[in-house]
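Beneath this line is the structure, given in structure tokens, with notes to follow.
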Amino acid sequence: MTSLPVDAIKALADQHPKPPNVVFQYGTAGFRTLGHALDPVMFRVGILAALRSKRLDGKTIGVMVTASHNPEPDNGVKLVDPRGEMLEAAWEAHATNLANAPTTDALIVALEALVQNLRIDLSKPARVVYARDTRPSGPALIASLEDGFKAMGAEARNAGVTTTPVLHYLVKAINTKGTKDSYGDDSEEGYLQKLSTAFKKLVAGKPAIPPLVIDCANGVGAILAEKLAKHLGDTIPLILQNTAIDTLGALNNACGADYVKTSQKLPPSLSSVLKPGQRACSLDGDADRLIYYYLDDRGQFHMLDGDKIAALVAAFIVDLTKSAGLDDQIQVGIVQTAYANGGSTKYLSERLPVKCVPTGVKHLHHAAEHYDIGVYFEANGHGTVLFSPDTLEKLSTYQPSTPAQSTALNHLINLTNVINQTVGDALSDMLLVEVVLAHRSYTGVEWDSLYVDLPNRLVKVVVADRNLFKTEDAERRLVSPPGLQAKLDELVRRYEGGRAFVRPSGTEDVVRVYAEAAVRAQADELAFRVAGLVYDEVGGDPAKRPSEFL
Ligand code: G16
């Protein structure tokens, strides 16, 4: 093919028309909105994925249909680049542009321009691999996506219903197959084998691991967790909860990582399951986020979020590099966002280099690539650990001089296999956490006591147009609407240990407010006062003003 298959595209595009008066945007994690609105977007994403593959010489591009932590009626789609990472930022704009072409003819014009501007060689092959989560709107959206592939004559592999991290793994495994960098067998089974084998090696010889309760958010994580449990056998007993993937409305509803993180509460469905002192964790709807927690002897809930995971894991890796005699050659660094609890940032920055970047794993991932070993976690439990190519090379060629060094080196090598380095992965992160807890002989209590979280509060504000809100300084300050940041500064000054920021969500149609302060009641009050300021600023309906405390 040396020119666009215009007739095929036209014929199929007419079956997926874009409604007028809707604007689509490739946001924090791809396109995300009500599932039934996404039909034209899917078709166009199918075409774009094929073009991206051609542009990259036929490398396989991933497409994941999911809305992750969002409620069930929402759905979404995101593209995965050949190394398993998020789509290159420049192409997000191309995706937005194609999605908004108002007619079939306008779509053809936009495609022709894209091919010309990016000098895409249309004679190259197009290869894609795609998957979806368990949402009811998924099958119809997959059919629209497949029409996009068909229009372009792409070679498309359907990975079925699986988690977002498995899809990222598959993309990397397919593109590295048969090379010296082979990432593993390019199948879900290969993924499960890789993680479970490394996990078993890492915990060999450690005392028996007590059972772990997993809240699967009634999503696709339930399917994978069940398969993983079989691979792990009795190395770690997993008690799966919230596995109702076929119950309408159950997905992420009063369960899952986002519910736990935002409400800072135990999912009600676990209240009769979880025993005091027992560890539990929640996945989100596509199993790329992980939040741990436990109940203390008095039944009080303690959350161990992405910041706590970063602290636990980073300290363990630093200790291993020291024990291996590699600490002068390998630098470990941390990447966080503005949502990181002030307590965690203080604790970590006293020990390691810490960088703050805007929300979205794509930003964290790229920043983490600058370290020899980059540990990145969002407070919401989305994150992973990256080992740079140089570090991987060092680990494979290093000659340890004592048995202790050799053991630590092996642990580090096994960690590179238990960790899904393509993207945040709840199940892989869960195994990583369990390895560290087993090595440290920690329960949730010791882990929790690494540092004390500042009381904090997240609030969503529904406004007419969230795009009025623009930020700078890694989203810690507002530049628009003008004057609002000064009002926030004035307010925050009145709270001891106060910190707050406002940013538009990239996955939901809301503005998010985060606040923390030295005392719980103050953190709550500050959050709702900031939310009120935001609401008033854009002239919202007084009846809907955020007002839990005021
Ligand atoms: C996605 C992104 C995360 C981000 C989250 C919330 O998570 O992958 O990096 O933190 O959305 O983003 P926002 O505050 O912009 O809505 P997920 O788990 O939904 O894919």
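Just give me the residues in region 367-385 being under 19 Å from Ser349 (Cβ atoms) and not in a loop (DSSP other than H, G, I, E, B), in sequence order.
Matches in region 367-385: Ala367, Ala368, Ile373, Gly374, Val375, Tyr376, Phe377, Gly383, Val385.
Give the residue that is least open to solvent (accessible area, probe 1.4 Å), with candidates limited to residues of region 252-268 that are in contact (Cβ under 8 Å) with a residue 60 or more places away in the chain and either within 16 Å of Lys308 (Cα to Cα) or away from the ligand (no atom under 16 Å from the Cβ) (or both).
Among residues in region 252-268 that are in contact (Cβ under 8 Å) with a residue 60 or more places away in the chain and either within 16 Å of Lys308 (Cα to Cα) or away from the ligand (no atom under 16 Å from the Cβ) (or both), the one least open to solvent (accessible area, probe 1.4 Å) is Ala257.
Got at least one residue in region 285-303 being without any contact (Cβ under 8 Å) to a residue 24 or more places away in the chain, touching a Gly at 6+ places or on another chain (Cβ under 8 Å) and over 21 Å from Ser68 (Cα atoms)?
yes
Please pick out the residue among Ala314, Ala338 that is away from the ligand (no atom under 16 Å from the Cβ) and either touching a Cys at 6+ places or on another chain (Cβ under 8 Å) or closer than 19 Å to Arg440 by Cβ (or both).
The match here is Ala314.
Any chance you could count how many residues in region 110-142 are part of a helix (DSSP H, G or I) and open to solvent by 50 Å² or more (accessible area, probe 1.4 Å)?
5
In region 280-322, how many residues are closer than 15 Å to Ala257 by Cβ, surrounded by fewer than 24 Cβ atoms within 10 Å (Cβ to Cβ) and among the β-branched types (Val, Ile, Thr)?
0
Spot the failing condition for Thr247; the list is (1) outside any loop (DSSP other than H, G, I, E, B); (2) away from the ligand (no atom under 16 Å from the Cβ); (3) polar (S, T, N, Q), and only one is missed.
(1)
Of all residues in region 506-534, count the ones that are in a loop (DSSP other than H, G, I, E, B) and either more than 16 Å from the ligand (Cβ to nearest atom) or at pLDDT 95 or above (or both).
Of the residues in region 506-534, 3 are in a loop (DSSP other than H, G, I, E, B) and either more than 16 Å from the ligand (Cβ to nearest atom) or at pLDDT 95 or above (or both).
So which of Ala67, Ala29 is at pLDDT below 95, within 16 Å of the ligand (Cβ to nearest atom), closer than 23 Å to Asn158 by Cβ and not aromatic (Phe, Trp, Tyr)?
Ala29
Residues of region 81-109 being crowded, with 18+ Cβ neighbours inside 10 Å and of a type in the set (D, E, K, R), which ones?
Answer for region 81-109, where residues must be crowded, with 18+ Cβ neighbours inside 10 Å and of a type in the set (D, E, K, R): Asp81, Glu85, Glu92.
How about region 236-251: which of its residues are buried (at least 17 other Cβ atoms within 10 Å of the Cβ) and either β-branched (Val, Ile, Thr) or touching a Gly at 6+ places or on another chain (Cβ under 6 Å) (or both)?
Once the filter is applied, which keeps residues that are buried (at least 17 other Cβ atoms within 10 Å of the Cβ) and either β-branched (Val, Ile, Thr) or touching a Gly at 6+ places or on another chain (Cβ under 6 Å) (or both), region 236-251 yields Ile236, Thr243, Ile245, Leu251.
Please go through region 317-335 and give me each residue that is among the aliphatic types (A, V, I, L, M) and either without any contact (Cβ under 8 Å) to a residue 60 or more places away in the chain or within 16 Å of the ligand (Cβ to nearest atom) (or both), ordered by number.
Result: Val318, Val332, Ile334, Val335.
Step by step: first the residues of region 180-225, then only those that are open to solvent by less than 10 Å² (accessible area, probe 1.4 Å) and of a type in the set (Ser, Thr, Tyr), then the one that is farthest from the chain's Cα centre (by Cα). Which residue is that?
Here the residue is Ser196.
Residue under question is Thr471, and the condition is that it be farther than 23 Å from Arg351 by Cβ, in contact with a Gly (Cβ under 6 Å, 6 or more places away or on another chain) and crowded, with 18+ Cβ neighbours inside 10 Å; does it hold?
Taking the combined requirement at face value, the residue does not satisfy it.
For region 109-132, indicate whether the set of residues that are within 16 Å of the ligand (Cβ to nearest atom) and either among the β-branched types (Val, Ile, Thr) or in contact with a helix residue (DSSP H, G or I) (Cβ under 9 Å, 6 or more places away or on another chain) (or both) is non-empty.
Yes, region 109-132 contains at least one residue that is within 16 Å of the ligand (Cβ to nearest atom) and either among the β-branched types (Val, Ile, Thr) or in contact with a helix residue (DSSP H, G or I) (Cβ under 9 Å, 6 or more places away or on another chain) (or both).
Are any residues in region 31-47 buried (at least 24 other Cβ atoms within 10 Å of the Cβ), in contact with a strand residue (DSSP E or B) (Cβ under 9 Å, 6 or more places away or on another chain) and either among the hydroxyl-bearing types (Ser, Thr, Tyr) or in a helix (DSSP H, G or I) (or both), and if so, which ones?
Hits for region 31-47 are Val41, Met42, Val45, Gly46.
Filter region 348-366 down to the residues that are more than 16 Å from the ligand (Cβ to nearest atom) and either farther than 19 Å from Tyr514 by Cβ or surrounded by fewer than 20 Cβ atoms within 10 Å (Cβ to Cβ) (or both) and list them by number.
Across region 348-366, the qualifying residues are Ser349, Glu350, Arg351, Leu352, Pro353.
The values are calculated or read from the model by the stated rules, or taken from the named source; none is laboratory data. Bear in mind the structure is a predicted one, so any value in this text is a computation, not a measurement. A quick note on method: Cβ atoms are made from the backbone with ideal geometry, for glycine too, and the neighbour counts reach across all protein chains shown. The area values use the complete protein model at the heavy-atom level, side chains included, leaving out ligands, DNA and RNA. Shrake-Rupley method; radii C 1.70, N 1.55, O 1.52, S 1.80 Å.
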